[in-house]
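The numbers here are math on the coordinates, done by the rules we state, and not lab data. Worth saying up front: this structure is predicted, and the values here are computed from it rather than measured.
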Amino acid sequence: MTKVAVLATVALGLWVGAGYAHAHGDDMHAEASKAAHGGQVQVAGANHFELVVAKTGKDADANPVVVYLTDGSGKKLPSAGASGTATLLTGKDKSMLTLSPDGDNRMKGMGSYASAPGMKAIVSITFPGKSAEQARFTPLAAPSDGHSDHKH
């Protein structure tokens, strides 16, 4: 092979590898983040949200929802002055909860919802002076290994 062909092959390999790494970026980072409080962690902008919901109860009852806030390196983000909402979807039922600061890096709300494996949640948090950041969750789904839920 000529030098040009070798360089072109190396460049193509680097380009494809960079695309592969980028395609996995946020998902791998969120999966790699340990859920310190037993919830599910998702990336929201430059930050991480850990959603913790009640794990029992097939009937809609008053249950807490807690969201822990950290930056990309795991440092606690202060919740003072932040506001937020959590929308919980279970089957045809939809619950909207208001989240308020509840400790150093926690947002908490109470609402009537049933806990089911197919539950989905959308959490939106607005920090003082910033735009809202959103994350989507399947809080009661079995943990993923980061690769079995998608194809290459």
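In this structure, the residue pairs whose Cα-Cα separation is over 26 Å, taken from LYS34/LYS94; LYS58/LYS94; LYS34/LYS92; LYS108/LYS130, are LYS34/LYS94; LYS34/LYS92.
Work out how much length ASP71 to SER100 would gain on full extension: take 0.36 nm times their residue separation and subtract the Cα-Cα distance, in nm to one decimal. Don't skip to the answer; put the middle values down first.
Details: separation 29, 0.36 × 29 = 10.44 nm, distance 1.85 nm.
Result for the pair: 8.6 nm of gain on full extension.
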